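Everything below concerns the one structure shown next.
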2 protein chains.
Amino acid sequence: MKPVRLAILGLGTVGGGALKLLQENAAEIKRRTGREIQITHVGTRRPRPDLQLEGIKQSSDLMEIVRQPDVDVVVEVMGGIHPAYEVIMEAIKHGKQVVTANKALLAEHGNELFKAAEDNAVQIAYEAAVAGGIPIIKVIREGLAANHIEWLAGIINGTGNFILTEMREKGRAFDDVLKEAQELGYAEADPTFDVEGIDAAHKLTILASCAFGIPLQFDKVYTEGISKITAQDVKYAEELGFRIKHLGIARRAEKGIELRVHPTLIPAEELIANVNGVKNAVLVQANAVGPTLYYGAGAGAGPTASAVVADVIDIVRDISYTEDGAGTIPQLAFEALTNVPILSREEMTTGYYIRLNAEDQTGVLADVTSILSRSGISIDAIMQQSRLRDLIPIVILTDPIVESKMDEALAQIQALPAIRGEIVRIRLESLDS
Amino acid sequence: MKPVRLAILGLGTVGGGALKLLQENAAEIKRRTGREIQITHVGTRRPRPDLQLEGIKQSSDLMEIVRQPDVDVVVEVMGGIHPAYEVIMEAIKHGKQVVTANKALLAEHGNELFKAAEDNAVQIAYEAAVAGGIPIIKVIREGLAANHIEWLAGIINGTGNFILTEMREKGRAFDDVLKEAQELGYAEADPTFDVEGIDAAHKLTILASCAFGIPLQFDKVYTEGISKITAQDVKYAEELGFRIKHLGIARRAEKGIELRVHPTLIPAEELIANVNGVKNAVLVQANAVGPTLYYGAGAGAGPTASAVVADVIDIVRDISYTEDGAGTIPQLAFEALTNVPILSREEMTTGYYIRLNAEDQTGVLADVTSILSRSGISIDAIMQQSRLRDLIPIVILTDPIVESKMDEALAQIQALPAIRGEIVRIRLESLDS
């Protein structure tokens, strides 16, 4: 099959990220799609010497790019309403598939854009417009399609969540944390879009349409920001067992649908109350599945590019459809499976929790630690517990080590005369990313 | 377009649940697919008088059902290896699409089944086989398709997670909690599959294949159960800042792939460490998006039916494909949008956190509570804080009330002579399902 040809419009954080991701993961993506993806055009005004652009046509005339015959899919990642609107309309008229990350554009003009796409029999894919790398649009449009969705509540602005997290954890004031967020690059110089909830309202508009099957109605979202939240209220909420989060909520009520973005007290033991820093999460309540939650990075080059390129892959799989009934997605995710070796237990690497019971005998700890050290095992923590039935429980946490080494070391420790009973070992994972 | 015709094989918890869901959500599902789904056959030995089976052919001869011309999709929800294997093979040979929730069958015989499906140009869809209602297969096969997945770690057995949660929260012993889980119906009379990790290993086998593009290799999963975990180790882990979870882990290592199911200490502040009770969650680490987490019910009639029917909808959308380039999934999730009214702020209903500052004057609390009561607002909690700059902060939490009532009440309270400064109101959501 011929390659699918892309034009990427905008080479900022997201556009550059998408280009790099398509290049770096090209082999794996081809294993997943069975078809090559070729970037033929980029639309940009500023040169990006840090990017690999060889063989790609560069132009700042976006309207001209989307008319080119060697473009199948237009990826709009420049942001803003104009000229994004006009460029996408032109792309649609020329029968191009469209991928966009532009939440403001969709929330405010999506109804017209989707109508034009329908009239011209093309798709506008927009996973990256909501909650960055979390595939929440796919989950709602497809994964939960059997359900009647009752409500959803999302932390869908990372900047706001970073500010509220800092206020809670460190008792800091709003203005103080906002200034830090600006210095860290989490918040814009004009933070209104983020802290006053406009960005979240854009995303909520899109989520609500997918959940309930209603037109996009950004102007009807009730929107309240977090700038009036005080450290005092954060503290009182905590004392009452709640946390304050800036949520976007869409809910079916008896007389209609509620669309609202506002600071919200939620029970501290809820999983979504424990989503901290710049992370996003969306909790969906649906009638068959009950509550489900989706968590991840809501912004940044990598996460947003992940969503943009997933949309491209969906389109590639879609336009590669054959009517043989076998569907567009490979059964086990990849067109061709590879036979990577599966490691034996002895070859696996993890950290360990070790518990041993020692007689109260001088030198046993020295013996144990020197055996571990000789086997190349680093100790992360040691905790000696209070005596239990004449024996002293000793707990050791180790850094990751290949399991065969641990087998050896534990056999030696088990043989020490001062050790009583069987040594307990439980694996330990830091889950570091 | 003609209806898509289903045969449901097995009318136990999952089969009955799928049938009910297809009937109860029929109108909404049709809005999503634009096409009717008709159950033409059910395969069952036992009558289910509680189900609505009018107009559906019933038989216990499963091999005969899957050969019928009025069947497009076979939904296998009877479980077990035999005769599920033979019946699915027969269905595939007759060109039927297959949906299954059978993790043991796929983990142990999936390679042959997928090969047969490919040879006969049909799909086997299996979202319900892993983590119940969480659309994790879709997320990995499609949502994260742009990524190189590095590892994943999942709580993919609800019974085991319930037991470990009870042990930690109440300091109980394993045997004691297991007995309760059996009484509650969370654990089977023979709990081996759940507590020894075999069920989790089946699911991990499938997840790993989708994440890495490797053949299904259940026999190579290192599997260790939770039956040897003691209350003592749970407590020591907690003291060191960790929780013990029964995880299924698939990880790319230098020399190959690790597939392992075992009790694991993980940092207590990780979101997945806070997934409690019978709930499931899968944490995926991928190179572009970073860590993302997916949480929900891993078992039960409703959640499993949600996944089964989502697979049916995917197939319906797929076989309704037209080559016009518009794709198979409606842009805003539904074929036809509806114009449900969006409520104004005054019409919305939420709970409230109210903070007011009162002069230390007898009777103010009585005045405030009587105003709230007259407006029909129930108080959930009142907390009087220590005096701050000559004023007493009073915090009140209320039950949900329509916002116009709260506006009225707060206007009256604000007018009380003893109230100083502006009353703070923050909305409160219990996020109850």
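The values are calculated or read from the model by the stated rules, or taken from the named source; none is laboratory data. Here the structure is a predicted model, which is why all the values come from computation and not from measurement. Quick reminder, even Gly has a Cβ in these numbers, built from the backbone with ideal geometry, and neighbours come from all protein chains shown.
Looking at A:GLY79, is it assigned to a helix (DSSP H, G or I) and either in contact (Cβ under 8 Å) with a residue 60 or more places away in the chain or away from every other protein chain (no Cβ under 14 Å) (or both)? Taking the combined requirement at face value, the residue does not satisfy it.
Under the condition of being in contact (Cβ under 8 Å) with a residue 24 or more places away in the chain and among the β-branched types (Val, Ile, Thr), the residues counted in the stretch A:359-368 number 2.
Among the residues here, B:ALA125 does not qualify as within 12 Å of chain A (Cβ to nearest Cβ), surrounded by fewer than 20 Cβ atoms within 10 Å (Cβ to Cβ) and touching a residue at least 12 places away in the same chain (Cβ under 8 Å). Considering each residue of the stretch A:348-358 in turn, at least one proves to be at the interface with chain B (Cβ under 8 Å from one of its Cβ atoms), surrounded by fewer than 21 Cβ atoms within 10 Å (Cβ to Cβ), hydroxyl-bearing (Ser, Thr, Tyr) and touching a residue at least 24 places away in the same chain (Cβ under 8 Å).
The rows are residues; the columns are (1) out of contact with any strand residue (DSSP E or B) (no Cβ under 6 Å at 6 or more places or on another chain); (2) facing chain A (nearest Cβ under 9 Å); (3) farther than 30 Å from A:GLY290 by Cα.
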{"site": "B:LEU62", "(1), (2), (3)": "no, no, yes"}
{"site": "B:TYR85", "(1), (2), (3)": "yes, no, yes"}
{"site": "B:GLU90", "(1), (2), (3)": "yes, no, yes"}
{"site": "B:LYS96", "(1), (2), (3)": "no, no, yes"}
{"site": "B:ALA104", "(1), (2), (3)": "yes, no, no"}
{"site": "B:ASP119", "(1), (2), (3)": "yes, no, yes"}
{"site": "B:GLY133", "(1), (2), (3)": "no, yes, no"}
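You will find that of B:GLY110, B:GLY16, the residue that is out of contact with any Asp or Glu (no Cβ under 7 Å at 6 or more places or on another chain), under 18 Å from B:VAL312 (Cα atoms) and either among the aliphatic types (A, V, I, L, M) or within 14 Å of chain A (Cβ to nearest Cβ) (or both) is B:GLY16 and no other. Going residue by residue through the stretch A:93-107, is there one that turns out to be part of a loop (DSSP other than H, G, I, E, B) and at positive phi? So far as the stretch A:93-107 goes, yes, one or more of its residues are part of a loop (DSSP other than H, G, I, E, B) and at positive phi.
Do we find a residue being surrounded by fewer than 14 Cβ atoms within 10 Å (Cβ to Cβ), at pLDDT 95 or above and of a type in the set (S, T, N, Q) anywhere in the stretch B:406-423? Yes; the residues of the stretch B:406-423 include at least one that is surrounded by fewer than 14 Cβ atoms within 10 Å (Cβ to Cβ), at pLDDT 95 or above and of a type in the set (S, T, N, Q). Filter the stretch B:250-267 for residues that are more than 7 Å from chain A (Cβ to nearest Cβ) and out of contact with any Phe, Trp or Tyr (no Cβ under 6 Å at 6 or more places or on another chain); which is modelled with the lowest pLDDT? Among those that are more than 7 Å from chain A (Cβ to nearest Cβ) and out of contact with any Phe, Trp or Tyr (no Cβ under 6 Å at 6 or more places or on another chain), it is B:GLU254. In the stretch A:69-80, the condition of being hydrophobic (A, V, I, L, M, F, W, C), modelled with pLDDT of 95 or more and out of contact with any strand residue (DSSP E or B) (no Cβ under 7 Å at 6 or more places or on another chain) is met by no residue. Within the stretch B:377-433, the set of residues being of a type in the set (Gly, Ala, Ser), outside any helix (DSSP H, G or I) and either within 13 Å of chain A (Cβ to nearest Cβ) or on the phi > 0 side of the Ramachandran plot (or both) comprises B:ALA381, B:SER386, B:GLY421, B:SER430, B:SER433.
Of all the numbered requirements in (1) within 7 Å of chain A (Cβ to nearest Cβ); (2) on the phi < 0 side of the Ramachandran plot, B:ALA333 misses one, and that requirement is (2). Looking only at residues in the stretch A:337-347 that are within 12 Å of A:ASP407 (Cα to Cα) and in contact with a strand residue (DSSP E or B) (Cβ under 7 Å, 6 or more places away or on another chain), the one that is surrounded by the most Cβ atoms within 10 Å (Cβ to Cβ) is A:GLU347. Within the set A:THR264, A:THR230, A:THR292, A:THR304, the sole residue that is of a type in the set (S, T, N, Q) and within 14 Å of B:ARG427 (Cβ to Cβ) turns out to be A:THR264.
Here A:LEU283 meets the list (1) at the interface with chain B (Cβ under 7 Å from one of its Cβ atoms); (2) over 16 Å from the mean Cα position of the chain (by Cα); (3) closer than 17 Å to A:THR205 by Cα almost entirely, failing just condition (2).
From the set of residues in the stretch A:314-330 that are aliphatic (A, V, I, L, M) and over 28 Å from A:ALA250 (Cβ atoms), which is farthest from the other protein chains (Cβ to nearest Cβ)?
Applying the first criterion (aliphatic (A, V, I, L, M)) to the stretch A:314-330 yields A:315-316, A:319, A:326, A:329.
The next check asks that each one be over 28 Å from A:ALA250 (Cβ atoms); those that pass are A:316, A:319, A:326, A:329.
Working: A:VAL316: 10, A:ILE319: 7, A:ALA326: 5, A:ILE329: 6 Å.
Ranking the qualifying residues of the stretch A:314-330, first place goes to A:VAL316.
Screening B:LYS228 against (1) at the interface with another protein chain (Cβ under 7 Å from one of its Cβ atoms); (2) among the basic types (Lys, Arg); (3) more than 26 Å from the chain's Cα centre (by Cα) leaves a single unmet condition, (1). For B:GLY325, the conditions (1) more than 22 Å from the chain's Cα centre (by Cα); (2) part of a loop (DSSP other than H, G, I, E, B); (3) touching a residue at least 40 places away in the same chain (Cβ under 8 Å) all hold with the exception of (3).
Identify the residue in the stretch A:28-49 that is assigned to a loop (DSSP other than H, G, I, E, B) and either in contact with a Lys or Arg (Cβ under 8 Å, 6 or more places away or on another chain) or crowded, with 17+ Cβ neighbours inside 10 Å (or both) and, among all such residues, is nearest to the other protein chains (Cβ to nearest Cβ). The residue in question is A:ARG35.
Among the candidates B:THR362, B:THR369, the residue that is assigned to a loop (DSSP other than H, G, I, E, B) and either more than 10 Å from every other protein chain (Cβ to nearest Cβ) or within 22 Å of A:GLU258 (Cβ to Cβ) (or both) is uniquely B:THR362. When the stretch A:35-67 is filtered for residues that are among the polar types (S, T, N, Q) and within 22 Å of A:ILE313 (Cβ to Cβ), the ones remaining, listed by number, are A:GLN38, A:THR40, A:GLN52. Residue count for the stretch A:404-433, restricted to those that are in contact with a strand residue (DSSP E or B) (Cβ under 7 Å, 6 or more places away or on another chain), among the hydroxyl-bearing types (Ser, Thr, Tyr) and touching a residue at least 12 places away in the same chain (Cβ under 8 Å): 1.
Considering B:THR33, B:THR13, B:THR40, the condition of being modelled with pLDDT under 95 and touching a strand residue (DSSP E or B) at 6+ places or on another chain (Cβ under 9 Å) is satisfied by B:THR33 alone. Across the stretch B:234-246, the number of residues qualifying as over 19 Å from the mean Cα position of the chain (by Cα) and part of a strand (DSSP E or B) comes to 3.
Pick from the stretch A:298-312 the residues that are surrounded by 24 or more Cβ atoms within 10 Å (Cβ to Cβ) and aliphatic (A, V, I, L, M): which of them is nearest to the other protein chains (Cβ to nearest Cβ)? Ranking the qualifying residues of the stretch A:298-312, first place goes to A:VAL309.
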